[in-house]
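Following: one structure in structure tokens, then a few remarks.
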Amino acid sequence: MQTLRASKCGLSTAQLPSSILDVIDALTKAGYEAYIVGGGVRDLILGLNPKDFDAVTNATPAQVKEVFGRRCRIIGRRFELAHVYAGRELIEVATFRAPPKKAVTSASGMILRDNNWGTIEQDFARRDFSINAMYYQPRKGIVLDFCHAIDDIKNKTLRLLGDPTLRFEEDPVRMLRTLRFAAKLNFSIAPEILEIFTPEMTQLLRDISPHRLYDESQKLFTMGHLNRVLPMLIDFDIWRQLFADISPDISTFIERAAINTDQRIQIGKTINPAFFYAVLLWKPFLERCNFYLSKGVVPAEARAQAGLDVLKRQATRTIIPRFAETFIREVWEMQTRLLNPKPQQIQALSTHARFRAGFDFLLLREKSGDDTTQGMGVWWDAYQQMTTDEKERAISQYNRQRAKSRRKTATEDVVETKLVAVEIEPLVNEPEPRSRRERKSRAKPERPVQSASSNGSEIGYDHPILKRKRVKRDLSQVVFGPTQ
């Protein structure tokens, strides 16, 4: 172990929020050891802006609860932790771990229980990556480095502590963390990890609960380097373990959506991780829609059932929460509404709760070369920048174009029908009548022949009974109404 001066590592208390300092000070005042550990220390040394800070101490979760009282909540079964609330911020406080006295593992070697308390030296040996095993005491201004992690940070190398095979078997999610850190920090993966990172090893992810895999997938989507990590998921055969029916190839649509997500994170905009799931599952959704349409199901029901099928299938890998499923299906449904809106509904549609997500989805499709959008992505983009008067004129123009296209379609259908009729040859070739009287007589339908008597004699058209005139009655002599 080496003790480094915090100032030489580029660390100072001015970089830390008051929440983590309050937690460290309270534990120290109560007589416990307390350090900042993990990604927060690593990111500060690299000059990055950490998303959060974690603390580690020799106090048990129950003792941490005594120090902070109602501000603390103990969570977790497999890995018991204390969550301390400092204003609006949450600080995760872990206790030093020791190797289990009696290993409680699954058949594949995954640790099922890990609540054995120990010393800081034992806790260091239990951590996964060297770059996450630096202990920073801000008030003393020192950093404890047990494994020359500072050298790995300088060399930009991602290295596991201990035997990589054993560490992956203990927790297969470390395979996802390996790719996430390599993409986020732009670090190279150590050769000893690459040797055992095989498709057979990735099968261990099937033992992880779909709920936890969903949480890990969200970290991949929101780390700001999604476009860099997607090819790595395919190369290391992680893709098939996370996504059920999504082919392992990155289409233009998926790539553009990943770049767009990273750009939004870099400029500080919020993102909904479920949006990228909607992008990934779009192609399976369309394929399932076509399946139901081929069976004669009406379009609305086909879309609804296809959405249920695709999300249910994906749940065998990652279980998407109900609220996220609802968001995904609404984004898909908005595509139909935005492609062919009724003119009188355009204004209301632009204020819909899911309009922005549906519009972003539509515009990404259009920019990716999807011809089925019919240019409506650009139309909606321009519509949002217009004034009220300009919007009314745009809607009127859209209504005229819509009517014109409908008439054009109807005309094409009529022409098609005529062309088909021309191709049918008449059964009898009769010359076209020349005079108007002949055409009129040909167009007049023949009257049915009536029978005059039971002996079979027939009445011709020239019979007097058929030529008689109708006599008009004199109604002046007729008494209407009741009579006495």
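Taken over region 346-393, residues that are within 19 Å of L281 (Cβ to Cβ) and among the basic types (K, R) amount to 2.
For the condition surrounded by 15 or more Cβ atoms within 10 Å (Cβ to Cβ), under 22 Å from F181 (Cα atoms) and either in contact with a Pro (Cβ under 8 Å, 6 or more places away or on another chain) or among the small types (G, A, S) (or both), I250 qualifies.
Going residue by residue through region 199-208, is there one that turns out to be among the hydrophobic types (A, V, I, L, M, F, W, C) and not in a helix (DSSP H, G or I)? Yes, the conditions are met somewhere in region 199-208. The residues on offer are S350, S405, S368, and the sole one that is over 28 Å from F243 (Cα atoms), of a type in the set (G, A, S) and in contact (Cβ under 8 Å) with a residue 24 or more places away in the chain is S350. The residue of region 157-179 that is farthest from R5 (Cα to Cα), among those that are out of contact with any Leu (no Cβ under 7 Å at 6 or more places or on another chain) and assigned to a loop (DSSP other than H, G, I, E, B), is D171. Where helices (runs of 4 or more DSSP H) fall wholly inside region 219-321, the ranges with 3 or more residues that are without any contact (Cβ under 8 Å) to a residue 24 or more places away in the chain and closer than 24 Å to F359 by Cβ are 282-294, 299-314. Looking at region 74-85 only, could you name the residues that are free of Cβ contacts under 8 Å to residues at least 12 places away in the same chain and not in a loop (DSSP other than H, G, I, E, B)? Those that are free of Cβ contacts under 8 Å to residues at least 12 places away in the same chain and not in a loop (DSSP other than H, G, I, E, B): I75, H83. Scanning region 189-215 for residues being under 23 Å from F124 (Cβ atoms) and of a type in the set (G, A, S) gives a total of 1. With respect to T198, is the statement that it is loosely packed, with under 15 Cβ neighbours inside 10 Å, polar (S, T, N, Q) and not assigned by TED's automatic domain parsing to the domain that holds R127 true? When the stated conditions are applied, T198 passes them. One residue stands out among those in region 146-167 that are of a type in the set (D, E, K, R) and surrounded by fewer than 19 Cβ atoms within 10 Å (Cβ to Cβ): the one that is farthest from the chain's Cα centre (by Cα), which is D151. Residues of region 13-25 that are touching a residue at least 60 places away in the same chain (Cβ under 8 Å) and within 11 Å of Y136 (Cβ to Cβ): T13, L16, I20, I24.
Considering region 25-60, and only residues there that are part of a helix (DSSP H, G or I) and closer than 20 Å to A149 by Cβ, the residue that is farthest from the chain's Cα centre (by Cα) turns out to be I45.
Whether a residue is in a helix (DSSP H, G or I), closer than 30 Å to R212 by Cβ and assigned by TED's automatic domain parsing to the domain that holds V279 was assessed, and F359 does not pass this test. Taking the criterion of being of a type in the set (D, E, K, R) and under 24 Å from the mean Cα position of the chain (by Cα), the residues of region 182-206 that qualify are K184, R206.
Tallying residues that are modelled with pLDDT under 90, over 17 Å from L21 (Cβ atoms) and among the acidic types (D, E) within region 46-94 yields 1.
The values are calculated or read from the model by the stated rules, or taken from the named source; none is laboratory data. All values derive from a computational prediction rather than experimental measurement. Every residue, glycine among them, receives a Cβ derived from its backbone with ideal geometry; neighbour counts consider all protein chains shown.
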